[in-house]
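Before any comments, here is the structure.
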Amino acid sequence: MSKKSVIVFEGIEGSGKTHHISIVAKYLKKKKIDFIRIREPGGSINSEKIRKLILNRKSKFDRITDLLLYLSARNENIQLLKKFYKKKVILIDRFIDSTIAYQHYGFGVDIRLINFINNFILKNFKVDYTFLNIVNNKNMIKRLKIRKSLNRYDKFNKNFYQKVQKGFLKIARKNKRKYKIIDSNLEIKHNQKKIIQIIDKLL
């Protein structure tokens, strides 16, 4: 595997993915390894504008509009990603599999449409490894309650998040060699250690 890997952190709300990507970013900085870190939606200036629109609690979009907004945000990021592809480690907080898990498994959008647009946008840009953070309902709700502010995607019902997480797990099982499932119900430092050990192997 390339030492300049593309590493993605996936998971539903409250699963700890953003915490773990922050730990990895600090680790790479300490090791003086060149990297960039982006989030989806977000990353570039225009993608961050789209993020505000998508996640605004007052926004109400048709599921296809939602999909197209997410993919528009990705399209705004792709030049940035390609600029550093194979030149720096790339850390991404949510990516392709989030689109499939939420929009297809969660909202029921035709996966052929998602794959068609994704492939058109990304072309030869490939993910090397994915950490999937999973969490039970009790811990997810507990963690969302202590957040200072909630966006639109933090406020769906638990059945929706269960469908999304099951979708993530289906994707992971199809890509076992390039996926690591992290049980975020376990002690956080245990998971941090496990993730850093894998990062060392990847790089």
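What are the residues in segment 155-180 that are buried (at least 16 other Cβ atoms within 10 Å of the Cβ), closer than 15 Å to Val135 by Cα and touching a residue at least 60 places away in the same chain (Cβ under 8 Å), if any?
Correct list: Tyr161, Val164, Gln165, Gly167, Phe168.
For Lys148, all conditions in the list (1) outside any helix (DSSP H, G or I); (2) within 15 Å of Phe9 (Cα to Cα); (3) not polar (S, T, N, Q) hold save one; what is the number of the exception?
(2)
A quick yes/no check of all residues on (1) touching a helix residue (DSSP H, G or I) at 6+ places or on another chain (Cβ under 7 Å); (2) hydroxyl-bearing (Ser, Thr, Tyr); (3) modelled with pLDDT of 95 or more:
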position	(1), (2), (3)
Lys58	no, no, no
Ile64	no, no, yes
Leu68	no, no, yes
Glu76	yes, no, yes
Lys87	no, no, yes
Ile90	yes, no, yes
Tyr102	yes, yes, yes
Arg112	no, no, yes
Asn115	no, no, yes
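Out of the residues in segment 1-59 that are among the polar types (S, T, N, Q) and in contact (Cβ under 8 Å) with a residue 40 or more places away in the chain, state the one that is nearest to Val164 (Cα to Cα).
The residue in question is Ser15.
Which members of segment 117-145 meet the condition of being of a type in the set (Val, Ile, Thr) and assigned to a strand (DSSP E or B)?
Across segment 117-145, the qualifying residues are Thr130, Ile134.
The values are calculated or read from the model by the stated rules, or taken from the named source; none is laboratory data. Computed from a predicted model, the values in this text were never measured in an experiment. So basically every Cβ, Gly included, is an ideal-geometry build from the backbone, and we count neighbours across all protein chains shown.
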